[in-house]
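Read-outs: derived from the displayed coordinates by stated rules, not from any lab. Bear in mind that the values here come from a model prediction, so they are computed numbers and not experimental data. Neighbour counts run over all protein chains shown; Cβ positions are idealised from the backbone, glycine included.
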Amino acid sequence: MDMPIEAASDAAVLSPPAPAQETGGVDAPAHVAIIMDGNGRWAERRGLPRAEGHRRGVEALRRTVRAAIELNLRYLTVYSFSSENWRRPAAEVFQLMNLLRLFFRSDLADLQRNNVRVRFIGAREDLASDIRSILEEAERRTAGGTGLNLVIAFNYGGRQELVRAARALALDVAAGRLPADAIDQAALDARLDTAGIPDPDLVIRTSGELRVSNFLLWQAAYAEFVFTPVLWPDFDRATLEAAIADFRGRDRRFGGLGGAG
Ligand code: FPP
């Protein structure tokens with residue numbers, strides 16, 4: 001390991017949900033999804049190991065979950081580990097896996113106390129068995145949460161998810177459970193990892209990169225995108241609020257003509 005990761009100094013960060021406030025208007029996004037990018041650059045610019053950037057990225061995640069609770073968001077989805085991140089050096093992959101272990105060891109009780117419901121999207125079968133157990137335990141222990149829905153994309157890729165859904169459809173058709181001509185958008189949607197989760201209204205990508213990187217390809221069909229130059233370890237409530245303010249100024253038309261209504 002690169003460096004000891006102390007039990008989250010600000011593990012008890014989640015303050016109680018604040019009363020409905022400035023983002024409570026009709027145009028507030030119910031679901032914000034974030035591509036957390038720039039941990040490596042944040043560290044490199046400071047002459048620090050990339051590992052330190054990821055460690056500070058976890059702190060930014062904690063801050064963002066707290067802000068999402070305070071701002072009364074219904075859903076927050078974060079891209080924590082992509083299907084393509086396995087291509088990184090083994091030591092970095094190991095560290096990212098370890099950060100997930102440490103995050104839930106230190107923060108699960110707080111998430112529960114704050115009424116957060118945790119869910120994971122992504123392919124679980126390639127993950128180490130202890131990681132799979134952590135995901136299951138986090139989902140089970142927070143299943144009754146009625147506050148923020150925190151969706152963690154881990155070993156997630158949008159194309160891979162669509163392939164799994166296509167396979168599930170094919171199996172249902174082959175087994176006679178589903179007529180082929182009953183395949184429609186809802187049938188596919190119901191077989192995605194995100195089944196039951198509303199589509200993101202707003203997708204934020206940090207670090208100035210202008211790519212979607214295999215994130216929520218189906219679900220983000222009508223999302224508004226905000227790209228910020230802020231590197232993920234520097235992300236905070238103010239950055240989140242600025243992105244939401246930008247979103248609220250957009251004219252969402254969903255393919256129609258839109259207008260004020
Ligand atoms: C992108 O930065 C970030 C990642 C690949 C990982 C995101 C992970 C975290 C924020 C922490 C993990 C949290 C949990 C709960 C597992 P990058 O390394 O691609 O940055 P760069 O583009 O500057 O190199």
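Give, rounded to the nearest 20 debye, the magnitude of the charge dipole that the chain has about its Cα centre when Lys and Arg contribute +1 at Cβ and Asp and Glu contribute -1 at Cβ.
It comes to approximately 220 debye.
Using mean Cβ contacts within 10 Å as the protection proxy, how do 216-223, 53-60, 125-132 order, highest first?
Top to bottom by mean Cβ count within 10 Å: 53-60, 216-223, 125-132.
With N set to the number of residues, divide the alpha-carbon radius of gyration of region 184-248 by 2.2 N^0.38 Å and report two decimals.
1.27
Give me the one-decimal nm value for the distance between modelled label points at Ala91 and Thr146, 7 Å along each residue's Cα-to-Cβ direction.
It is 4.9 nm.
If you take the alpha carbon radius of gyration of the chain and divide it by 2.2 N^0.38 Å, what ratio comes out, to two decimals?
Working it through for the chain, the quotient is 1.02.
Quick check on region 69-165: take the gyration tensor over C-alpha atoms, sort the square-rooted eigenvalues as a ≥ b ≥ c, and tell me if it's rounded (a/c under 1.5), prolate or oblate.
Prolate is the answer for region 69-165, as a/c is 1.5 or above and a/b outweighs b/c.
Going highest first, how would you order 239-246, 35-42 by mean Cβ packing within 10 Å?
Numbers: 239-246: 18.8, 35-42: 22.8.
Listed from highest to lowest mean packing, they are 35-42, 239-246.
In deg cm²/dmol and to the nearest 500, what is the mean residue ellipticity at 222 nm of the chain if only DSSP H runs of at least 4 residues count, each as -39500 (n - 2.57), divided by the residue total?
After summing the helix terms and dividing by the residues of the chain, the value is -12000 deg cm²/dmol.
With a 10 Å cut-off between alpha carbons and a GNM built on the chain, which of Arg74, Arg62, Arg45 moves the most?
Fluctuation is largest for Arg45.
How much length would be gained if the chain were fully extended between Glu241 and Ala186, taking 0.36 nm per residue of separation minus their Cα-Cα distance, in nm to one decimal?
16.6 nm
Is the C-alpha gyration tensor of region 119-259 telling us rounded, prolate or oblate? Criteria: a/c under 1.5 is rounded; beyond that, a/b larger than b/c is prolate, otherwise oblate.
oblate
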